[in-house]
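Note sheet for the following structure.
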Amino acid sequence: MPLNRREFLKGVAITAVAGALPIGCATARTRGRAVRRERMRFGYAAITWGGDDLRAIDEISALGYPGIQLRSGAVAQFGADPAALRARLAAHNLTFVALSSGNLSIDPAREAAMLEEHVAHARFLRDAGGLHLQIIDERPARRAITPDDCARLGALLTEIGRRSAPLGITLVYHPHMGSIGERPDDAERVLAASDAANVKLLLDVAHWQQGGGDPVAAIRRHHDRIALLHLKDVEPAPSTDGRPGGYRFVELGRGSVDLPGVFDALCDTAYDGWAVVELDSVAGLGHSAAEAAANNKRYLESRGFSVGR
């Protein structure tokens with residue numbers, strides 16, 4: 001049956017909108033589900049394997065994830081021969097998405113050592129073929145965070161980023177529970193005090209939420225500064241000291257993070273970088289790190305994403 005004028009114009013409008021949006025966005029709007037993003041790439045964090053990086057490399061690769069994030073233990077294992085790590089990752093078809101470089105103290109007495117340590121990690125990362133240097137800050141003990149703490153942290157991050165950039169390494173700051181940047185307002189102060197050209201944001205959607213923020217709003221606010229994502233979920237859990245507010249990180253879709261909203265925000269802002277799926281531990285889940293990674297992959301695929309290579 002031929003289309004009437006109203007149906008024809010409606011179809012033209014839908015086609016025009018779809019053409020103006022990133023891949024999959026129009027489908028997401030009409031189906032009410034998260035987008036399939038051809039340009040977003042997924043890595044997986046080796047932290048779940050508890051330091052057994054070689055096994056993590058094998059199993060993450062076998063599941064078809066195209067990227068991996070390693071912790072600073074990889075420096076201890078491969079520091080004398082980063083080319084060996086580069087070759088191992090290449091043989092497993094894995095991109096070295098990020099290195100967790102450890103904590104950064106704002107203690108002036110430790111400044112020189114801190115700068116040297118993280119810049120040395122940036123050199124290792126370059127030689128191993130990696131992309132992003134992740135830094136988490138070290139919260140001063142037994143006192144409240146001040147704006148001056150945030151300003152000092154911003155300046156230190158800027159200096160590390162300035163030294164890392166010529167190596168081809170992007171510094172990403174990770175606001176994290178238990179850090180100066182735990183609360184989003186303090187994380188905002190750190191970002192404001194640092195040079196946006198040399199310090200990018202690693203947005204961990206579960207840490208941001210647990211710290212009291214809205215990760216969907218954070219993506220929309222900081223989309224031009226986000227260089228890396230951590231995808232994870234979080235649920236309430238008894239704290240080890242019995243105080244309220246306990247939590248634990250869980251597989252995607254099992255917690256309270258609005259992941260469909262996260263994916264929609266990524267679509268709206270045309271994010272085309274890496275997203276690393278992270279689960280700190282499988283303790284209490286009743287299955288292995290590889291099984292958890294497989295569950296997370298199935299969740300992403302159920303939301304319309306293509307995870308494999």
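Every read-out reported here was derived from the displayed coordinates using simple, explicitly stated rules and does not represent laboratory data. A quick note: this is a predicted structure, and the numbers were derived from the prediction, not measured. Here the Cβ positions follow ideal geometry from the backbone for every residue, glycine too, while neighbour counts run over all protein chains shown.
Taking the alpha-carbon centroid of each part, what is the distance from region 153-220 to region 73-92 in angstrom?
First find each Cα centre; the distance between them is then 27 Å.
What does the C-alpha gyration tensor say about the overall shape of region 40-302? Classify as rounded when a/c is under 1.5, otherwise prolate if a/b is larger than b/c, or oblate. Before the final figure, lay out each step's value.
Numbers: a/c = 1.40, a/b = 1.06, b/c = 1.32.
Rounded, since a/c falls under 1.5.
Can you compute the FRET efficiency between ALA80 and SER256 using 1/(1 + (r/R0)^6), with r the Cβ-Cβ distance and R0 = 35 Å? Round to the nearest 0.05.
Values: r = 44 Å, r/R0 = 1.25.
Once rounded, the FRET efficiency stands at 0.20.
Out of THR48, THR240, THR95, any idea which swings most in a Gaussian network model of the chain, alpha carbons joined below 10 Å?
The residue with the greatest mean-square fluctuation here is THR240.
What FRET efficiency comes out for ALA165 versus ASP280 if R0 is 30 angstrom and r is the Cβ-Cβ distance? Round to the nearest 0.05.
About 0.55, to the nearest 0.05.
Which of the helices in the chain meet the span-like rule: DSSP H, Cα axial reach of 18 Å or more, Kyte-Doolittle mean at least -1.0? Intermediate values should be presented prior to the final figure.
Details: long enough: 5-20 (23 Å, 0.55); 111-127 (24 Å, -0.34); 147-164 (25 Å, -0.33); 289-302 (20 Å, -0.84).
TM-like helix candidates: 5-20, 111-127, 147-164, 289-302.
7 Å from Cα along Cα→Cβ at both ARG55 and ALA155: what's the point-to-point distance in nm?
4.5 nm
Counting helices only, and only those DSSP H runs with n ≥ 4, report the 222 nm mean residue ellipticity of the chain as the sum of -39,500 (n - 2.57) divided by its residues, in deg cm²/dmol to the nearest 500. Walk me through the numbers before you get to the answer.
Values: 12 runs with 132 residues, N = 309.
Helix contribution divided over all residues of the chain: -13000 deg cm²/dmol.
List the residues, sorted by chain then number, that are 5 or more residues from ILE226 or on another chain and whose placed amide H is less than 5 Å from its amide H.
LEU201
Percent antiparallel among DSSP beta bridges with both residues in the chain, to the nearest 5? Working shown, then result.
Values: 4 of 36 bridges.
Counting DSSP beta bridges with both partners in the chain, the antiparallel share is about 10 percent.
Which residue fluctuates most in the GNM of the chain (Cα springs below 10 Å): GLU59, GLU111, GLU278?
Fluctuation is largest for GLU111.
Just ASP107, ASP149, ASP186 to compare: in a GNM of the chain, with alpha carbon springs under 10 Å, which one fluctuates most?
Fluctuation is largest for ASP107.
Which whole-number percent is the relative contact order of the chain (Cα, under 8 Å, 6+ apart)? Please report the intermediate quantities before stating the final value.
On the way: 561 pairs, mean separation 63.9, N = 309.
Value for the chain: 21 percent.
What does DSSP give for region 206-309 in terms of the percent of beta bridges that are antiparallel, rounded to the nearest 5? Mind showing how you got there, number by number?
Values: 4 of 8 bridges.
In region 206-309, DSSP labels about 50 percent of beta bridges as antiparallel.
Given R₀ = 30 Å, FRET efficiency for ARG225-LEU63 by Cβ-Cβ distance, to 0.05?
Numbers: r = 30 Å, r/R0 = 1.01.
Efficiency computed from Cβ-Cβ geometry: 0.50.
Suppose each label sits 7 Å from its Cα in the direction of the beta carbon; what would the ALA91-ARG39 distance come out to in nanometres?
Result: 3.5 nm between the two label points.
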